[in-house]
Structure formats: C-alpha cells, structure tokens
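Just so it is clear, none of the values below were taken in a lab; they were calculated from the coordinates. Model, not experiment: these values are computed from the prediction. Positions of Cβ are generated from backbone atoms using ideal geometry, with glycine treated the same way; all protein chains shown enter the neighbour counts.
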Amino acid sequence: MPLQGNLRDFSTTQLLNLINLAGKTGTLSIFEGVKTNDKDAMGKPKMIPGAERARVGFKTGKLIAATLGGQDGNLVSVLNKTGKLTDDQARIIRERARNTSDKALALLLINANYVTQRDVVSSIQQHTLEVVYNLLAWNEGPFRFEDNTLPPPDRILVPIDLENVIIEGARRIKEIEQLNSHLPNLDMALKFPDNPREKFKGIHLSVEEWRVVSFVNPKNTIRQIAKANNMSEIEIRRIVYGLEQAGLVELVKPPGMADTLPRTGAGRPGIRPPQVPETVVRKLIDRIRQI
Amino acid sequence: MQTVKMVITGPFSSGKTEFISSISEIDVVKTERSVTTPGEKAVKDATTVAMDFGRITVDDDLVLYLFGTPGQRRFDFMWEILAEGMLGFVVMVDSTKPETFREAKSILETFRAYAPTPYVVAANKQDMEDAWNTDDLRIALRIEEGIKLLPCVANDKESVKTVLLELLYSILEEMES
C-alpha cells in the first residue's frame, strides 16, 4: 500500500524521519497540488496530484537519489553543475555519449582523467542533497511513497544517512512559530534513546549541537541547557528540534514535574481515575470475550 | 450496581460512533446533528455533538458504558466531562486520512492530560486500500513503543472486541504493576 497525503499535513521532514526510522525502500514523489471543489476531513480544499515536482529514492532508510521535475539529473548535468565539467565539455560529452548509461559514462570519464571517482560521488551527493534541502521548504503538495520502487538501474546511487539530512534541513527551517508550536514547553528535559551509540555513529553535529548533547540528562530542563550554553530560546528550540527529528534525543518530563501534561483548557484540576478492583476488570474481559 | 466507563475519542469522522455501535448491546444513543460546514458535509451528513452512548452488561451488578466523544473541536467543552471517571480510553484514528493525524495526536495529549489512565490507539479503516499501516502510523503519530497501536475496522465486531480487550489488558497490567 503506498503512503500518500499532503505536505501541509505531514511535512517533508516528518516523511524523511518516517522513512529513516522504518528503514524503507522506495520512491517518494511530490506533486503540484491541483485544488478540487471537495474538502478533506479537516475542511481544507482537497488536492489531487498534478505535475511531478520531485522524485526521491530511498534504500533501507537511506537517501540514494533525488531529482526535481524538469531536470534530467543525469551524470553530465550533475558534473557540469558542480563545476567538474565545463559547459563545452558537457556539451561535447552529451553529443557523443547520448545513449551511454551514467555508470558506463562515469567509467569513461574517470579513465580519460576528466574526473576522479571522488568527484563523481561527491557531485552526485551534492546534487541529491540540494534537491532534498530544496523540498524541505515546501509546505504544501500531494505526495506518494511507493514501496520497493527504485531509480533506473543505470543511475549511480550514493547512499546518504538521513539523520544528517534531517538535521541540516532543520537548520534551514526558519519559521519560529513552527519551532514554538513543536516545543512549546522548555521545562521538558531530554534523554538519549535506546542504543545511543548506534544512533550517533557517523553523525556530524555542529559545535552548538554538541554543546546541547553534552547536557542531555533527564534532570536538566531544556531551559537550563539553554542558559548553561548562553543560547536564546529560538536557538535551543532549533537544535532540539533537529536532534529530536533525527531520533538522537527524546523529550521527557524532568523529575518533580507534575505527572499530567499541561491542560489545554481552563477549568477543574486533573481528573482522578476511578478506583476499580482488579476483579471488575477481569469480569469485563470475560464478558467481552463472550460477545 | 457498579458502572464503569470507557471513552472512545478521536477526530471528526474517525469511526467512533461505528465502533460503539459494533459492540453495544443496546442501540447506540446518538446525539447527532446535521453537519453545517461544507467541508464536514463532504465527509458525512451528521455528526456527534454531545456524545454517543453504548452499554455492555456484565452481570446484575456490573455494567460497562462506552462514551463516544464529539470529534469536532468546537464541542471540546464536552470532553473533560466525558473523561470524568473513565477507566481508560481508545483514540480512534482514520488510517486513510493523514490530514487528521495531527488532530488525533492533539486529542490524545488532551485526554492524557485529563487523567493518567491507560489508553490504546485504534488505527481504523485498515481494510481500506489507502490506509497507512500501523508501523508507519506509530512513527507519524509519535506513539511510544509501550503504547498499543492496534489495527481496527470499526464496523467489525471482532476487531472492536480486540481493541477493547487490549485496553482492558493494559488496565490490568497497570493494576498489577
């Protein structure tokens, strides 16, 4: 079953996080949204997919390829864009190697000393990341994730860990309101997830992120961490958002904080659960089993 | 006679009324009104404004009441009243409507704040082709590993029974711990 929805309800960052955590293999397509007269369940205009805006490939939770609609994304274009081939070189190669696959072309270019293997890998990686960072800023448009669909076999695929992409994407998210709504309570604390060693393997954190990570402890509130590091509320929110989205930290209630979460409405104090004996619950279980 | 209460909550059109109807021994007492906004009307014609009410009699001394909350935010003044004294709650999510996931999570947090009672999340409409699977939903809704997220088809009695039983098992586990 494909995953489908709209970026206004489920953001690109959330999608990348889901794909990363679930270790998915497949292709994510994002489309122009064509508004219809129908409304969705939240009363917003329903959108159907129009032209494809971007296509991103993943293999076992890693980013492997990305192209924007209207771009061919082939190796010559990518090397030209990253300055490894001049415009003239790119034009000549395009003419002479029109029917050559990317993989075969890469070998030819490396053997002819036009580029090195490292140039090829870094250029493709840079291109893929630019596309993904671009679409991280999109906040509307239908999407569809098709399981087990991969880019054509002639494409060169460079696996990239999504945690770093998500962190960098979060760095680029400027909307303060979004950060505020995600983390409204700075009196929460942070803890490491299970297997933190595994999660941090190969992760490149900025100095500021390391400073926050060094204070991660369920006893320290986020506000205290910000104060200790001389960071503003926005700075700490941005860093915690990135770390949390990448699955490197989790929000927890610090010791001593009220057991119930903040109430959303005014009114009476928190409701106490009823005192029901265990025998009553067992009777309910037996009865429902019989229905 | 002792009565115990469970609450079935979730966003608009997530299947709460259907869930209760599938298992209640009485015709569900519905407090529905015609939907007024065009967006909601596109989804269904009538909506629950106060509560749905179902009953399961255990014996002469014990009755379980199932209360379904109104799904629309403008009726949320009813939620806290319904949450009073609940043994546990079920959060219904329409697995085919990602536009409601954020709302579902918000309702879940609100009910958690009302009372620290056990709860389960029911991923409804799992029989539909475009339903998100439960593993993806767990990540999308950020449901902790220890919380049960169960596949559900609200008009299938067996599926509803499973959800209620899992909630009761969670309540029992908490009592025993």
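So how do B:Lys97, B:Lys105 line up by other beta-carbon neighbours within 10 Å, fewest first?
On the way: B:Lys97 26, B:Lys105 18.
Going from least to most buried by this count: B:Lys105, B:Lys97.
In whole percent, what relative contact order does chain A give with Cα contacts below 8 Å and a gap of six or more residues? Can you show the working numbers first?
Numbers: 396 pairs, mean separation 61.6, N = 291.
Relative contact order here is 21 percent.
Which one of A:Ala228, A:Thr25, A:Thr279 is farthest out on the positive end of the charge dipole of chain A, using unit charges on Cβ (Lys, Arg +1; Asp, Glu -1) and the Cα centre as origin?
Most positive-ward Cα: A:Thr279.
Sort A:Leu21, A:Leu179 so the one with the fewest other Cβ atoms within 10 Å of its own Cβ comes first.
On the way: A:Leu21 16, A:Leu179 22.
Arranged by neighbour count, lowest to highest, A:Leu21, A:Leu179 become A:Leu21, A:Leu179.
Amide H to amide H, which residues 5 or more places from B:Tyr119 or on other chains are under 5 Å from it, using H placed in the peptide plane?
Answer set, sorted by chain and number: B:Phe89.
Beyond 25 Å, how much of the Cα-Cα pair distribution for the range A:3-160 remains, as a whole percent? Write down the numbers at each step before the final one.
Values: 4590 of 12403 pairs.
Considering the range A:3-160, 37 percent of its Cα-Cα pairs are separated by more than 25 Å.
So what is the relative contact order of the range A:1-90, in percent, for Cα pairs below 8 Å that sit 6 or more residues apart? Please report the intermediate quantities before stating the final value.
Details: 106 pairs, mean separation 19.8, N = 90.
In percent, rounded to a whole number, it is 22.
Please tell me which of these pairs span more than 30 angstrom C-alpha to C-alpha: A:Lys59/B:Lys97; A:Lys84/A:Lys199; A:Lys44/B:Lys16; A:Lys24/B:Lys97?
Checking Cα-Cα distances, A:Lys84/A:Lys199 exceed 30 Å.
Can you sort A:Leu129, B:Leu66 by how many other beta carbons sit within 10 Å, fewest first? Before the final figure, lay out each step's value.
Working: A:Leu129 18, B:Leu66 24.
Going from sparsest to densest Cβ surroundings: A:Leu129, B:Leu66.
Output the relative contact order of the range B:124-167, whole-number percent, from Cα pairs under 8 angstrom with separation of 6+ residues.
Numbers: 29 pairs, mean separation 16.4, N = 44.
Reported relative contact order: 37 percent.
Where in the range A:150-206 are there GluC sites (Glu not before Pro) that are in a DSSP coil and have at most 12 other Cβ atoms within 10 angstrom of their Cβ?
Answer by residue number: A:Glu175.
Check each of the GluC sites (Glu not before Pro) in the range B:89-177 and keep only those in coil by DSSP with at most 11 other C-beta atoms within 10 angstrom; list them in order.
On the way: sites: B:Glu99, B:Glu103, B:Glu109, B:Glu129, B:Glu144, B:Glu145, B:Glu158, B:Glu166, B:Glu173, B:Glu174, B:Glu176; in loops: B:Glu129, B:Glu144, B:Glu145.
Hits after loop and neighbour filter: B:Glu129, B:Glu144, B:Glu145.
DSSP beta bridges in the protein assembly as shown, what fraction antiparallel, as a percent rounded to 5?
On the way: 42 of 62 bridges.
Percentage antiparallel, nearest 5: 70.
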